[in-house]
Amino acid sequence: MVNNGASTSSYDVQLRLYRDDVNGISLPTQVTIGIYQIGTNNLVTCKTLYETGASLVPLGDPCYTPNPNVVRIEEKIYQTISSVTLPNYTFGYYLQYEVCCRNQLATNLATPTSDGITVFAIIPNPGLGQNSTPDFGNYPNDAYFCVNNIKQFTYPVTDPDGDQLVYSLVAPLDEGTGFGTCSNSAPGSGTYPFYPDCVFSPGFSASNMIGGPPNYPAMSIDASTGEITAAPTQQGFYAFAVRVEEYRNGLR
């Protein structure tokens with residue numbers, strides 16, 4: 001989400017979706033997100049994003065290149081045609097896109113075929129001035145792990161406003177439990193992050209998302225650089241999520 005400069009309350013929204021191009025279903029040509037008030041969870045508007053490009057993610061590094069007949073990832077990029085304008089609101093807003101269901105091959109989830117996917121971002125009060133959300137950039141070509149080997153990779157996250165970014169690993173979010181007016185979105189409830197976590201399979205948890213212990217450290221992320229480190233002990237497809245929070249003048 002980019003504050004487009006025309007106004008501190010005017011935003012352009014981009015969404016990147018990734019799918020398993022070997023085992024997954026096709027991605028749509030357009031999606032509809034919901035924008036909600038923080039605190040009330042009231043819907044402000046639905047916004048349709050249209051496909052602007054699709055491609056396969058090039059995977060491989062000097063040490064290893066995954067077999068494309070086993071691991072092949074498609075990326076689709078969606079964009080708003082017109083900007084979204086939001087009034088000043090003290091508590092800010094959140095954007096949400098959801099879809100069901102997850103890849104049945106997700107090793108670390110208890111019920112992946114009934115778990116939804118929530119993609120989520122927060123917009124602070126537009127009255128506070130220019131602010132855009134962090135951009136995850138292009139999918140890294142080395143974004144995979146090797147069994148019984150400690151490996152690192154980093155998402156190339158940047159912030160258009162130069163805000164400080166803080167990274168953490170969190171459980172993947174399930175879809176909303178409420179009824180949504182927007183075709184690909186539903187309001188959240190309760191406290192941040194407003195949507196329920198997916199339930200992990202036995203042996204996995206938010207503190208041990210892809211295995212490793214006791215022979216290797218659990219998956220971790222450097223809070224300052226975003227570098228992810230892991231060494232799974234079993235081959236598989238694993239679901240995890242990266243949360244990026246921005247700080248300006250010490251305030252989130």
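If only residues of the stretch 204-236 that are at pLDDT below 95 and assigned to a strand (DSSP E or B) are counted, the one that is surrounded by the fewest Cβ atoms within 10 Å (Cβ to Cβ) is P214. Checking each residue in the stretch 129-155 for being within 30 Å of N215 (Cβ to Cβ) and not hydrophobic (A, V, I, L, M, F, W, C) picks out Y139, P140, N141, D142, Y144, N148, N149, K151, Q152, T154, Y155.
Being modelled with pLDDT under 95, surrounded by 13 or more Cβ atoms within 10 Å (Cβ to Cβ) and either acidic (D, E) or at negative phi (or both) is the requirement here; does R252 meet it? No. Go through the residues of the stretch 42-58 one by one and say whether even a single one is farther than 20 Å from D20 by Cβ and without any contact (Cβ under 8 Å) to a residue 24 or more places away in the chain. No, the stretch 42-58 contains no residue that is farther than 20 Å from D20 by Cβ and without any contact (Cβ under 8 Å) to a residue 24 or more places away in the chain.
Between N208, N149, which is closer than 23 Å to P112 by Cα, polar (S, T, N, Q) and more than 14 Å from the chain's Cα centre (by Cα)?
That would be N208, the only listed residue that is closer than 23 Å to P112 by Cα, polar (S, T, N, Q) and more than 14 Å from the chain's Cα centre (by Cα).
Mind checking which residues of the stretch 160-199 are of a type in the set (A, V, I, L, M), in a loop (DSSP other than H, G, I, E, B) and under 14 Å from the mean Cα position of the chain (by Cα)?
Within the stretch 160-199, just A171 meets the criteria.
The values are calculated or read from the model by the stated rules, or taken from the named source; none is laboratory data. Since we're looking at a predicted model, the values are computed, not measured. Using ideal geometry, Cβ is built from the backbone for each residue, glycine included, and neighbour counts are taken over all protein chains shown.
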